Amino acid sequence: MTTFSDSLLQALALITAADPVLWGVVTRSVGVSATATLLACGMGMALGAWLAVARFKGRNLVLTLLNTSLGVPAVVVGLVVYLLLSRSGPLGFLGWLFTFQAMVIAQTLLVLPIATALTRQAIEDADQRYGEQLLSVGATTLSRGLLLGWDERYALLTVLLAVFGRAIAEVGTVMIVGGNIEGFTRVMTTAIALETSKGDLPMALGLGVVLLLLVLLLNAAVSWVRLWRERVDIAPAQGAV
């Protein structure tokens, strides 16, 4: 039996036996990413919807900066948050460095541009289809954004799932600001890196399997939402025939 197959069997045993260390890391990782996703989507969807319908001087510059922020390396985001929360930083008095809160802040800043950009694109596409009709009945910028956001609610749900998938797969940012402390700030990606370097392949593989399953479930959920949206859009058309 090869080392890989032996380690994989032990990893599956850890998963099925509900190993407390493994599942503690999984729970913490999901908690950090879910919190960051809710914060990022709450702010990003509102900002993205506004950018989609608002017209103001300098809008193209703002959109350029937004698109540029999508390519910022994760470790740079982690470094910025580290400097802000360090003892000599402007937010050092909070004492949040190497804590759950620091990882949430870092992941939120990392995925916020993604939530904003994807929402803006979805709402702007809808605005091109229905914007003139809404303007003709006297809709304001705020009401247009809200109505178009509701119309694109299924697309926005896929945005939320995509943001969560990006957050939970991140390693560099949370390692810098979290410190990878066992029992406190160790999440799946940082634990996989550590356990692999230590030679504990069963634990690393076990966490890897759970992470892959979560990503698979997220992709399946995105596909299901898209199919559901198509059915919802087709049903009224069929009823009108």
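The values are calculated or read from the model by the stated rules, or taken from the named source; none is laboratory data. Predicted, not measured: the structure shown is a model, and the values here were computed from it. FYI the Cβ positions are ideal-geometry reconstructions off the backbone, even for glycines, and counts take in every protein chain you see. Keep in mind that these areas ignore ligands, DNA and RNA; they rest on the heavy atoms of the full protein, side chains included. Shrake-Rupley method; radii C 1.70, N 1.55, O 1.52, S 1.80 Å.
Residue count for region 53-75 satisfying the condition of being at pLDDT below 90 and surrounded by 14 or more Cβ atoms within 10 Å (Cβ to Cβ): 1. If you check 135, 84 for being without any contact (Cβ under 8 Å) to a residue 24 or more places away in the chain, in contact with a Lys or Arg (Cβ under 9 Å, 6 or more places away or on another chain), surrounded by fewer than 20 Cβ atoms within 10 Å (Cβ to Cβ) and not charged (D, E, K, R), only one passes: 135. For region 188-230, the set of residues classified as basic (Lys, Arg) and out of contact with any helix residue (DSSP H, G or I) (no Cβ under 6 Å at 6 or more places or on another chain) consists of 198, 226, listed by residue number. Residue 116 satisfies every condition listed in (1) of a type in the set (Ser, Thr, Tyr); (2) assigned to a helix (DSSP H, G or I); (3) free of Cβ contacts under 8 Å to residues at least 60 places away in the same chain except (3).
Residues being buried (at least 18 other Cβ atoms within 10 Å of the Cβ) and without any contact (Cβ under 8 Å) to a residue 40 or more places away in the chain: count how many of those fall in region 3-41. Within region 3-41, residues that are buried (at least 18 other Cβ atoms within 10 Å of the Cβ) and without any contact (Cβ under 8 Å) to a residue 40 or more places away in the chain number 0. Residue 196: more than 14 Å from residue 21 (Cα to Cα), touching a residue at least 24 places away in the same chain (Cβ under 8 Å) and part of a helix (DSSP H, G or I), yes or no? Judged against the criteria, residue 196 is not a match. Restricting attention to region 111-132 and to residues that are within 19 Å of residue 34 (Cα to Cα) and of a type in the set (Val, Ile, Thr), the residue that is most open to solvent (accessible area, probe 1.4 Å) turns out to be 114.
Yes/no per residue for (1) of a type in the set (A, V, I, L, M, F, W, C); (2) farther than 17 Å from residue 37 by Cα; (3) open to solvent by less than 30 Å² (accessible area, probe 1.4 Å):
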position: 163; (1), (2), (3): yes, no, yes
position: 170; (1), (2), (3): no, no, yes
position: 173; (1), (2), (3): no, no, yes
position: 198; (1), (2), (3): no, yes, no
position: 212; (1), (2), (3): yes, yes, no
position: 227; (1), (2), (3): yes, yes, no
position: 230; (1), (2), (3): no, yes, no
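Only one of the numbered conditions (1) modelled with pLDDT under 95; (2) touching a helix residue (DSSP H, G or I) at 6+ places or on another chain (Cβ under 6 Å); (3) in a helix (DSSP H, G or I) is not met by residue 104, and that is (1). Assessment of region 54-74 against the conditions (in a helix (DSSP H, G or I), within 16 Å of the chain's Cα centre (by Cα) and among the small types (Gly, Ala, Ser)) yields at least one matching residue. Would you mind stating whether residue 44 is under 15 Å from the mean Cα position of the chain (by Cα), part of a helix (DSSP H, G or I) and in contact (Cβ under 8 Å) with a residue 12 or more places away in the chain? Yes: the conditions hold for residue 44.
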